[in-house]
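Notes for the one structure printed next.
The values are calculated or read from the model by the stated rules, or taken from the named source; none is laboratory data. All figures in this text were calculated on a predicted structure; none of them were measured in a lab. All Cβ positions, glycine included, derive from the backbone under ideal geometry; neighbour counts span all protein chains shown. Keep in mind that these areas ignore ligands, DNA and RNA; they rest on the heavy atoms of the full protein, side chains included. Shrake-Rupley method; radii C 1.70, N 1.55, O 1.52, S 1.80 Å.
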Amino acid sequence: MAVFTEVGFDEADALVQRLGLGSLTELRGIEGGIENTNYFATTASGHYVLTLFERLGPQQLPYYLCLMKHLAARGLPVPEPVADPAIAPPAGHALSIPADAPCEFLHRVAGKPAALVQRLEGKSALAPTAAHCAELGRLLAHMHQAARDFPRLQPNLRGLAWWNDTAPVVLPHLDAPQAALLRGELAYQNHVAASSAYAALPRGPVHADLFRDNAMFSTESDAPRLTGVFDFYFAGTDTWLFDLAVCLNDWAIDLPTGRHDALRADALLAAYVTVRPLTGTERALLPAMLRAAALRFWISRLWDFHLPREASMLKAHDPTHFERVLRERSHPSAAPFSASAALGQPQAA
């Protein structure tokens, strides 16, 4: 999150009043992140997050916002977007509207497409324990199950096609060993994606960016309780295994070294498979998807770091972290988990 576009108090107040939320009492820019402009907005009726989309347009945004509404309607702890009452469908029909219908959750602020969503309660666990990872694993599996009947389709916009297009842009900024790693891993992932095994992987809507700072936990007790996940603006239709690998590459990684943390990985995987057991093909391709997830974020961080945009409070992430993760994941001796029991009994692919 960052502030690329300044939003005036009066303009934000006009939006929240039009949405029936009462008068705006506070508007505060949010520091961190690198994609969109974000503000905390407090009104007479509650606490919200106002997001202005700097790169995404009205063609892509309905997928993310309607997915959040879809998951929230099924009882999952995700921030529910606020609808414009002037174009909202009748009560009881929100989940049966055509996929190409106008999106009642998409607004316009300061000349940019925007959304207003409920602000989650809790605090991110930036140093997660195995118990935090188990909570996350269960929720991720429930999200995959709940999104099976989501009617909209949109590819993962930061998937393989984007990696292939972006790698030539960042290669001039790399030294020889880094360039060799990037070219070699990209060739490997193109090979995997062309295989029949990859084509057989279960897929559907995925979050694709569920890092530890995109989840919230209750602060009311010592036992972790996940209160919500947010920032769905990299979501898309992809393999559920890739989504799981993205989580493992953040929640179960030692940040200083990029090394695999077996205890946290086993906890996350064991909790996930209690809700949705993995197929045999998924088990076989998990190491490849761990490499794919590391490559995706290495490329995007290289792009943001070497080709930055101006923004108030913007701080690009260090790309060397995911270079370390990728080297660890692609090493011949690398193992994605230490206890096979964490994956449960394999199912037929």
Cross-chain or 6+ apart pairs with Cβ under 7 Å, the range 152-163 first and at pLDDT 95 or above, then among the aromatic types (Phe, Trp, Tyr) and open to solvent by 20 Å² or more (accessible area, probe 1.4 Å): 158/234
Sole miss for residue 233 among (1) open to solvent by less than 30 Å² (accessible area, probe 1.4 Å); (2) at pLDDT 95 or above is condition (2)
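Being without any contact (Cβ under 8 Å) to a residue 40 or more places away in the chain, over 17 Å from residue 214 (Cα atoms), in a loop (DSSP other than H, G, I, E, B) and of a type in the set (D, E, K, R), is that true of even one residue in the range 46-59?
As a first pass, look at the range 46-59 and keep what is without any contact (Cβ under 8 Å) to a residue 40 or more places away in the chain: 55, 59.
Keeping just the survivors that are over 17 Å from residue 214 (Cα atoms) gives 55, 59.
Okay, now just the ones that are also in a loop (DSSP other than H, G, I, E, B), so 55, 59.
Within this subset, residues satisfying the condition of being of a type in the set (D, E, K, R) are 55.
Yes, the range 46-59 contains at least one residue that is without any contact (Cβ under 8 Å) to a residue 40 or more places away in the chain, over 17 Å from residue 214 (Cα atoms), in a loop (DSSP other than H, G, I, E, B) and of a type in the set (D, E, K, R).
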Quick check: anything in the range 203-222 hydroxyl-bearing (Ser, Thr, Tyr) and out of contact with any Lys or Arg (no Cβ under 9 Å at 6 or more places or on another chain)? yes
Filtering the range 157-202 down to residues that are surrounded by fewer than 16 Cβ atoms within 10 Å (Cβ to Cβ) and in contact with a Ser or Thr (Cβ under 6 Å, 6 or more places away or on another chain) yields 197, 200
Can we say residue 133 is part of a loop (DSSP other than H, G, I, E, B) and at negative phi? no
Which ones in the range 57-69 are in contact with a strand residue (DSSP E or B) (Cβ under 6 Å, 6 or more places away or on another chain) and either surrounded by fewer than 17 Cβ atoms within 10 Å (Cβ to Cβ) or on the phi > 0 side of the Ramachandran plot (or both)? 58
Scope the range 7-40; condition in a loop (DSSP other than H, G, I, E, B) and either more than 14 Å from residue 112 (Cα to Cα) or modelled with pLDDT of 95 or more (or both); matching residues: 7, 8, 19, 20, 21, 22, 23, 30, 31, 32, 33, 34
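Residue 246: surrounded by fewer than 23 Cβ atoms within 10 Å (Cβ to Cβ) and within 29 Å of residue 62 (Cβ to Cβ), yes or no?
Numbers: surrounded by fewer than 23 Cβ atoms within 10 Å (Cβ to Cβ): no; within 29 Å of residue 62 (Cβ to Cβ): yes.
No: the conditions fail for residue 246.
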Residues being touching a residue at least 60 places away in the same chain (Cβ under 8 Å), within 10 Å of the chain's Cα centre (by Cα) and under 28 Å from residue 332 (Cα atoms) - total across the range 213-263: 2
Residue 72 - would you say it is assigned to a helix (DSSP H, G or I), small (Gly, Ala, Ser), open to solvent by less than 30 Å² (accessible area, probe 1.4 Å) and within 15 Å of residue 113 (Cα to Cα)? no
Residue 274: surrounded by fewer than 24 Cβ atoms within 10 Å (Cβ to Cβ) and not in a helix (DSSP H, G or I), yes or no? no
Given the conditions (1) touching a residue at least 60 places away in the same chain (Cβ under 8 Å); (2) over 22 Å from residue 251 (Cα atoms), every one holds for residue 193 apart from (1)
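Which of the residues spanning the range 251-266 are open to solvent by less than 10 Å² (accessible area, probe 1.4 Å) and outside any strand (DSSP E or B)? First the steps, then the outcome.
Of all residues in the range 251-266, those open to solvent by less than 10 Å² (accessible area, probe 1.4 Å) come to 251-253, 258, 265.
Selection gives 251, 252, 258, 265.
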